[in-house]
């Protein structure tokens, strides 16, 4: 049997052009392709192997890498190049080069400036329309400031090189179900390493509230945030179920739509993972941009037709990393056919010939083609056919889709590009149709924590719980947004209201709080949407995010975004603060030590024996006993929780009517400890807890330990208890003000009557 060897010239070019690791992969693949392990010698095999090798070389040569960089550039090389680029653009600014020319120069360095500076360009366009010179200067300063910064260039270069490397690996056939599913093995390992580093950082970083003394390790907060896949999955399912309930109540039409990229975006065929001859070198990022463009056209056309929709969109990869979308959408029944025609029109427009669809986008194109055919017929046969006759046999895009019948759509080739599936309530809720795709793109688990089954894109028998990690890595690698809500109420309002807890009140704001707290997304949307429910426009919502404006600016001279503080009801000006506390991050120190211990032992009596000579009663041994001991010595009224009281609550405090009976002077100070004795008890308890935590391995849960320490701190006195001066309740700080509201004479009179009635009730209680 003949054994083929790679040509020395080709091998030298590969080793010279490609990074060491990638060169080894390409050469090994050449040997396997040219010399199959089984079967007769194939004389065409070396030619196929050469074709694949040349394709890898061409892929690297077409990258247009920044000067001085290659796909295996180390950190020092990238940092030096970032420094050089920052100095280069600083010089360009000194020479008077405008921001457009600077963006063009950045494009030559591999930066998608229109995408990277989208926010700044929007700001500049808005300033141009309104004539706001200050806003214009701010947008330009943001672009130039980033182009002159070393750190910014370093991040962009890393992103460019990572994506370029993955594009080459995909071109070399290392991304498909039989090699690297969704993402190459090298890129997946790099992603996992970054996750481990991030986790280590979180474990050594502590969030501290200096006002209350609370502290949490970021790694523990992560478990209770939306970053946790399980929490993220459950919230998405809750919102989808809520939309489904709304659609059932109002009798809306539900449809599952799948949008796929044309063949030229796909590197590998789905059946046998063979090379796709139509592939044009597009990256998954290009595919995502194509789908976004198509969806933008669809939304615009639906808006012009007066068709309102709501639902969810999920982006996921094919086995070769090419993205596709699944959309669960709801609309009024009367819009079903029009909706299908609009989606099919734009989803099938590109490369429609491969779908067996033949028409012209505009009448101008049809006329030009008719003239060309007229001239060809006249030249070949001498016959002259009118343009009207020729055009009658041709169709424009609008004419084609206006008369198209979707009866046999599933059997057409166009269904491979755009697929429709009606939601049948008899077969289950609409959320069940999308649940599989949501789970597959998060963690591959059901709500019960079990695997959802096998991944259809992977090799048979491969669990979705295993491949979900690669899906997340794929989305991170190419900067693809996996989930998006379409229409409905902003989820940020829902999340902020879930952060507060209030008593029952007969107002829209408080009813929305209770709906969010119950996890009832359908009820939440119905409350805020009113008569329009899920079709409500953002500008018509009765609630809005309550933000605190800031005059601070970032390092690029741009005004910082307003700080989110809570939610406000626009009509009444009533608001709820969901983010009262200010937090700072501390790296290392106690936070790092806490992450290495999970629990804490109970405090024993022996641990506090050192201070027993100054205390005449039994030493408390547990947090409960400490609280009981100090409570027996104190008679201090608890202050209310100012964060959740209505705006009117402070009015009664001015009169001293808090609903509590006042103590007599003879009872004040009775049996109270001196502050020094109290501090000894608490401090000794803290030291014993810390010592026991460090020594023992069989200890409390970390959260119990932290709660224990906070409870001890909360028992400290603000001032010595030997002072018999009555404790004066502190007035609530008015840090946040509701939106201004114009008061009328009737409002003032009604307000006065309410206050008089409540004062009368409080006087009756005192009597």
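The values are calculated or read from the model by the stated rules, or taken from the named source; none is laboratory data. In this text the structure is predicted, and so the values were computed from the model without any measurement. Counting neighbours? That spans all protein chains shown, and the Cβs are built from the backbone with ideal geometry, glycine included.
Observations, loosely collected:
- The residues on offer are 579, 553, and the sole one that is closer than 30 Å to residue 204 by Cβ and either touching a helix residue (DSSP H, G or I) at 6+ places or on another chain (Cβ under 9 Å) or exposed (fewer than 14 other Cβ atoms within 10 Å of the Cβ) (or both) is 579.
- Odd one out for residue 268 among (1) out of contact with any strand residue (DSSP E or B) (no Cβ under 7 Å at 6 or more places or on another chain); (2) buried (at least 18 other Cβ atoms within 10 Å of the Cβ): (1)
- Checked against the criteria, residue 177 does not count as within 24 Å of residue 469 (Cα to Cα) and assigned to a helix (DSSP H, G or I).
- Filter pass, residue 85 being in a helix (DSSP H, G or I) and within 17 Å of residue 155 (Cα to Cα): yes
- Considering 186, 192, 214, the condition of being in contact with a strand residue (DSSP E or B) (Cβ under 9 Å, 6 or more places away or on another chain) and either outside the structural domain of residue 435 (by TED's automatic domain parsing) or surrounded by fewer than 17 Cβ atoms within 10 Å (Cβ to Cβ) (or both) is satisfied by 214 alone.
- Applying the set (1) buried (at least 16 other Cβ atoms within 10 Å of the Cβ); (2) under 30 Å from residue 145 (Cβ atoms) to residue 90 leaves exactly one unmet item: (1).
- For the condition closer than 30 Å to residue 336 by Cβ, in contact with a strand residue (DSSP E or B) (Cβ under 9 Å, 6 or more places away or on another chain) and surrounded by 19 or more Cβ atoms within 10 Å (Cβ to Cβ), residue 279 does not qualify.
- First in segment 183-201 and within 19 Å of residue 458 (Cβ to Cβ), second anywhere and modelled with pLDDT under 90 and in a loop (DSSP other than H, G, I, E, B), Cβ under 6 Å, 6 or more apart: 184/174
Matching residues to (1) touching a helix residue (DSSP H, G or I) at 6+ places or on another chain (Cβ under 6 Å); (2) at negative phi; (3) part of a helix (DSSP H, G or I); (4) touching a residue at least 60 places away in the same chain (Cβ under 8 Å):
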| residue | (1), (2), (3), (4) |
| --- | --- |
| 121 | no, yes, yes, no |
| 126 | no, yes, yes, no |
| 135 | yes, yes, yes, no |
| 146 | yes, yes, yes, yes |
| 151 | no, yes, yes, yes |
| 154 | yes, yes, yes, yes |
| 157 | yes, yes, yes, yes |
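- Out of 362, 367, sole residue that is at pLDDT below 95 and more than 17 Å from residue 297 (Cβ to Cβ): 367
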